[in-house]
Amino acid sequence: MPRHNHHVRVQWSESFLMKWISMSDDLLFNKGDWHAASEMQVQKMRQEIDAQNGNELLNSSSADLAKYYSEKFSVDVPVLQSDDLVVDQNETRVDASRDYRYSTRDDGPTYVTGTAVSVEVPFTGEAICFQIQPTTRNFNNPRAFVGQGILHFSIVGTTLEPGFVKSEIDKRVTSINEHLTWLRNDVKGYNDRLYSLANEHIERRKQKLLKDENLVSGLGFKMKERPGIPKTYAAPQVKRVIRPQATKPAAAREPYKAEPTLLTDDYEHILGVLENMVRVMELSPGAFQKMDEETLRSHFLVQLNGHFSGGATGETFNYEGKTDILLKVDGRNIFIGECKFWKGEQSYSDTLDQALSYLSWRDTKAAVLVFNRNVDFTAVLQKIEEVTPKHEGYKKLARKNSETSWSYLFGHKDDANREIMITVQAYNVPDRIEPRTQKT
């Protein structure tokens, strides 16, 4: 996987530069249509994804790759550093053929000595943007020469006055900023969708690579042996079948390795069982009022094993330690559930650490059920949203399921390419049950 670098930016293609840039022409924002330029960037990004080594792509985290490519191919619209603007002046030859004071004929230029006030305006961002036409235009494009991090333009005349020069400089800078604002509006939508475009193309290519592997294996002919390729295997048979699914390999260019993973449909079903159990608790709060974490865990296990069964024991889910709900395949955890009462930020962070430490296979999944008793529930929800992104393994919020449920993507502390989905569900379970009013 390419090393993440905030300063690595894609270079616009040579054909784009040759076709649309001519530094001898100082008219800005008129060399390339924004739609054509942005589509060219997207196409170049897709070509680079397609050119990446297949095993390396399968090995890499899709989320991390999508972030890398979206940052690399994003567009950084320049920002003028107007406070650092500098000026200079020198004598220059001025064509005064249109000034009646100097011209006595109409058949050619008349040059006289005049004054040029040179202006330099520093900027940050990509210089190429000064050549692109925004979708909003006023057909009064400003003029300037684009240098390395500096815009150059001059105010020239035969009888320049300070007030006039300052006014002209202000108008030029204002016009350039106006065009940059229009372009920035175009670029925002492009940059915002670039991550999803990159992720979509990465996933499409991964699916193709895996499909090609299955195509060859299904031909019925003897396959060429590759070193290091393990045999695939099946997960236990269950009422609601939890099937193995191939995921990414462990190292950058090692051949694809099959590992079981919990499919999204099964994961969603597990979450639904957990949520329904909490609804029962809410409907009969007195029955659960004094239960501790371990007792609550046992109730969830009963419900889960009513939906899933495996092996001779009939139990797919079990526990180790005090509060873990585990689903194992071949002796390793593929799902873990944690039931915790809210005891503050540090306790919550420790729970995330614990869940991540138990999940070592890639593309595994977890659920953290946070129960709140007699604490401001709104404040607890706010803390969960604030604290989770600060965790060192946090990658992104995959989706916000509801006001009290979030699905987060984490990377394993020992291998960022091992992605772990943790759904956090918060529930308000009052400790005190208000007595019912006796009817008279």
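Can you name the residue in the range 161-204 that is touching a strand residue (DSSP E or B) at 6+ places or on another chain (Cβ under 8 Å) and among the charged types (D, E, K, R) and is also farthest from ILE128 (Cα to Cα) among such residues?
Restricting to residues being touching a strand residue (DSSP E or B) at 6+ places or on another chain (Cβ under 8 Å) and among the charged types (D, E, K, R), the top hit is GLU168.
Quick check on the range 75-85: of everything there that is out of contact with any Ser or Thr (no Cβ under 6 Å at 6 or more places or on another chain) and surrounded by fewer than 20 Cβ atoms within 10 Å (Cβ to Cβ), which residue is farthest from ASP414 (Cα to Cα)?
Only one residue tops the list, namely LEU85.
Need the failing condition index for VAL380 against (1) within 19 Å of LYS67 (Cα to Cα); (2) part of a helix (DSSP H, G or I), just the number.
Unmet for VAL380, out of (1) within 19 Å of LYS67 (Cα to Cα); (2) part of a helix (DSSP H, G or I): (1).
Looking at this structure, is ALA355 in contact with a Leu (Cβ under 7 Å, 6 or more places away or on another chain), within 20 Å of ASP266 (Cβ to Cβ) and not in a loop (DSSP other than H, G, I, E, B)?
Considered against the rule, which asks whether it is in contact with a Leu (Cβ under 7 Å, 6 or more places away or on another chain), within 20 Å of ASP266 (Cβ to Cβ) and not in a loop (DSSP other than H, G, I, E, B), ALA355 comes out as no.
Scan the range 345-397 residue by residue and report those that are under 25 Å from TYR195 (Cβ atoms), loosely packed, with under 15 Cβ neighbours inside 10 Å and not basic (Lys, Arg).
Matches in the range 345-397: GLU385, GLU386, PRO389, GLU392, LEU397.
Filter the range 319-352 for residues that are out of contact with any strand residue (DSSP E or B) (no Cβ under 8 Å at 6 or more places or on another chain), modelled with pLDDT of 75 or more and acidic (Asp, Glu); which is farthest from GLU268 (Cα to Cα)?
By that ranking, first place goes to GLU345.
Applying the selection to the range 159-206, what residues are under 16 Å from ALA116 (Cα atoms) and either buried (at least 16 other Cβ atoms within 10 Å of the Cβ) or not assigned by TED's automatic domain parsing to the domain that holds ASP33 (or both)?
Once the filter is applied, which keeps residues that are under 16 Å from ALA116 (Cα atoms) and either buried (at least 16 other Cβ atoms within 10 Å of the Cβ) or not assigned by TED's automatic domain parsing to the domain that holds ASP33 (or both), the range 159-206 yields LEU160, VAL165, GLU168, ILE169, ARG172.
Hey, could you check the range 27-55 for residues that are among the polar types (S, T, N, Q) and not in a helix (DSSP H, G or I) and say which is nearest to SER70 (Cα to Cα)?
Only one residue fits best here, namely GLN52.
Could you go through the range 384-393 and let me know if any residue there is within 15 Å of the chain's Cα centre (by Cα) and modelled with pLDDT of 90 or more.
yes
Every residue in the range 125-154 that is under 20 Å from SER38 (Cα atoms) and among the β-branched types (Val, Ile, Thr), please.
Scanning the range 125-154 gives ILE128, ILE132, THR135, THR136.
The values are calculated or read from the model by the stated rules, or taken from the named source; none is laboratory data. On a predicted model such as this, the values are computed, not experimentally measured, just so you know. In this analysis, Cβ positions are derived from the backbone assuming ideal geometry, glycine residues included, and neighbour counts consider all displayed protein chains.
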